[in-house]
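A short write-up of the structure that comes next.
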Amino acid sequence: MSSDPADLLRNPARLAALGATSLAGTPPEEAFDRLTRLAVQVGGAPISLLSLIDGERQWIKSAAGLPPGAAPRSIPLDGSICGQVIASGQPLVVPDRDAGPPVGADAAMRAWGVRAYAGVPLVTAQGHALGVLCVADTQPRAWTPQALAALDDLAALAVTEIEWRRAQGERDRAAAAVRTTEQWFRALVEQSLVGIYVIQDGLFRYVNPRFLQIFGLPAGWLDQPHGILEVVVPEDRETVSENVRRRIAGEVETVQYCLRGQRSDGEVLHLEVHGSRTVLDGRPAVIGVGIDVTERIRAEREREQAILARDRFYAMMSHELRTPVSAVMLYNDLLLSGVYDPLTEQQREAVDRSQKSARHLLDLINDLLDLSRLEAGRLETRVEDVETAELVESVVDGLSPLALEHGCSLNVRVAQRPLTVAGDARRVRQILLNLLSNAVKFGAGRPVEVRLGPVPDGVVLEVTDHGPGIPPDDLDRIFEEFVQLGEPGVGTGLGLPIARRLAELQGGTLDVRSPPGEGSTFRLFLPTGVPPAAQPPAFPSFFSSAILR
């Protein structure tokens, strides 16, 4: 540690200890005035000061033997004799300031005519000198050992008082912090949107206003003892009692479950309960929260009923619509084949339009059924080894007439063979048919590229068209049900949503990239195994690498 008195006075630990007392700069108090009066009496000197000293000033907490108003609240430390006591940490005894070695003398001491001085530092148990208790005389004085010993004892009493004040201050601050915390906690509990309760000995010890609101109970409900089972429907009371018993017994610390409660008006409600074991007044208790999920349960049941109704409708539609549509398509085929009579050109065009409309309706029926099964989790798939290169080429061959009709070519590039994935060949074919037919329909008659190659843990297929592309705002919407971005009547608006769900069902992903005016690239990733969640590589095409050069 530095020996410079200024550094010693400004020692951070000392200043922190002084600040913790909250005494510097405060008015005089009788507890300290009593000590300075005793110092005057036992020391035989007319003046006594008790000062607290920070890094800049000497704060006079008590003064005895001076005329009223003669002792200022504080004085600068320049030349302060008390400051020298703090800097040295040792008592300072000056019999005659004019005859002895030179010592500092501040303006106040000179104004009081002080010539003899004896000061003792007020040192805490931690070794921090916080202030000085001194006696002074306007005449030279030979300080007796008895007087100095008495001054030392009085300084110890002063330190005891200061330490008690510091400890009391800490206690007051701690108590204030506890009160503040309690106020915050109470505000949080009282204004909580969930019911909060405490159970002990089978009775409610506390419930918050939200709990009362959930059960329709009056504000003074807890003025009388009430058991937990009073708010539980009879069918769930055994379960609730067992859960409370297990927590009270310490078999489990926390528990989470749902129960059916009963309001004061008899209405049944559903609660999600989270409870933990605690100890109150030395006895076990349960503190928990209850979340009213009645509306959620009702909504879930309504959704289930809606899904059942929708499934029944889809099943009816499958039976009632698929049969006549198939019959219409059969008779159209017969007419077009000339089984009855040859058709005129105008008649043939009309039957072609009828056949296309019937096929569109059948596609819509099939898509709706697939979507229904996917949402209900009842779409059956099987896991088998699928050689994707052969499957892609087969689909491309089947779509050649459609490509020829739209005046575009289908170009296939396969990085290597075989490229086998674990999936359902029929569902993979369904995905490929959707992607390739969309590329042909919306590719503006320009070539369509189909690229297939390996990536870590799987295979990636990219289908790129060179049409107008997809507006940025619509990139996410195209995977929503019944969204059609092309001309009306082209497609059902279900193909891409079904394709993405089929990909995810097999542990894969389906994404799209479409720079404005540069066409679209749909990217299908399928895993080689059956992972719990597919982790496809980043979107930029791997086909720019040397594997296809």
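Using a 1.4 Å probe and counting only protein heavy atoms, arrange C258, C82 so the residue with the most accessible area comes first.
Largest to smallest exposure gives the sequence C258, C82.
Give, rounded to the nearest 20 debye, the magnitude of the charge dipole that the chain has about its Cα centre when Lys and Arg contribute +1 at Cβ and Asp and Glu contribute -1 at Cβ.
The calculated dipole for the chain is roughly 1280 debye.
I want to make sure I understand the PRE zone here: with the label point 7 angstrom from the Cα of R310 toward its beta carbon, which residues in region 398-435 have backbone N atoms less than 14 Å away?
Flagged as within label range: none.
Using a 1.4 angstrom probe on the protein heavy atoms only, line up T323, T278 by accessible area, largest first.
If we order T323, T278 from most to least accessible, we get T323, T278.
Between rounded, prolate and oblate, where does region 74-148 land on the alpha carbon gyration tensor, with a ≥ b ≥ c its root eigenvalues, rounded for a/c under 1.5, else prolate if a/b exceeds b/c?
Oblate, since a/c reaches 1.5 and b/c is not below a/b.
Could you order E253, E393, E163 so the one with the most accessible surface comes first? Probe is 1.4 Å.
E253, E393, E163
Three principal axis extents, largest first, for the C-alpha atoms of the chain, in Å?
Computed over the chain, the largest-to-smallest principal extents equal 146, 71, 40 Å.
Restricting to DSSP H runs of at least four residues, report the calculated mean residue ellipticity at 222 nm for the chain, -39500 (n - 2.57) per run over all residues, nearest 500 deg cm²/dmol.
Helices in the chain give a 222 nm mean residue ellipticity of -14000 deg cm²/dmol.
For A187 and S264, calculate 0.36 nm times their separation in residues minus their Cα-Cα distance, and state this gained length in nm to one decimal.
Going from the current span to full extension adds 25.1 nm.
If you stretched the chain out fully between E272 and A174, how much longer would it get, using 0.36 nm times the residue separation minus the C-alpha to C-alpha distance?
31.6 nm
Tell me, what is the FRET efficiency for D78 and D98 to the nearest 0.05, using R0 = 35 angstrom and their Cβ-Cβ distance as r?
0.95
What's the carbon and sulfur percent of the chain's accessible surface, probe 1.4 angstrom, rounded to a whole number?
55
Using a simple spin-label model with points 7 Å from Cα along the Cα→Cβ vector, what separation in nm is obtained for S409 and R298?
The answer from the label model is 6.5 nm.
Around V232, which amide H atoms from residues at least 5 apart in sequence, or from another chain, sit under 5 Å from its own amide H, with H modelled in the peptide plane?
Hits under the 5 Å cutoff: Q262.
What is the calculated FRET efficiency for Q90 to L280, with r their C-beta to C-beta distance and R₀ = 51 Å, to the nearest 0.05?
0.40
The values are calculated or read from the model by the stated rules, or taken from the named source; none is laboratory data. Bear in mind that the values here come from a model prediction, so they are computed numbers and not experimental data. Reconstructed Cβ throughout: ideal geometry from the backbone, glycine too, with neighbour counts over all protein chains shown. Please note that ligands, DNA and RNA were not included when accessible areas were found on the heavy atoms of the full protein model with its side chains. Shrake-Rupley method; radii C 1.70, N 1.55, O 1.52, S 1.80 Å.
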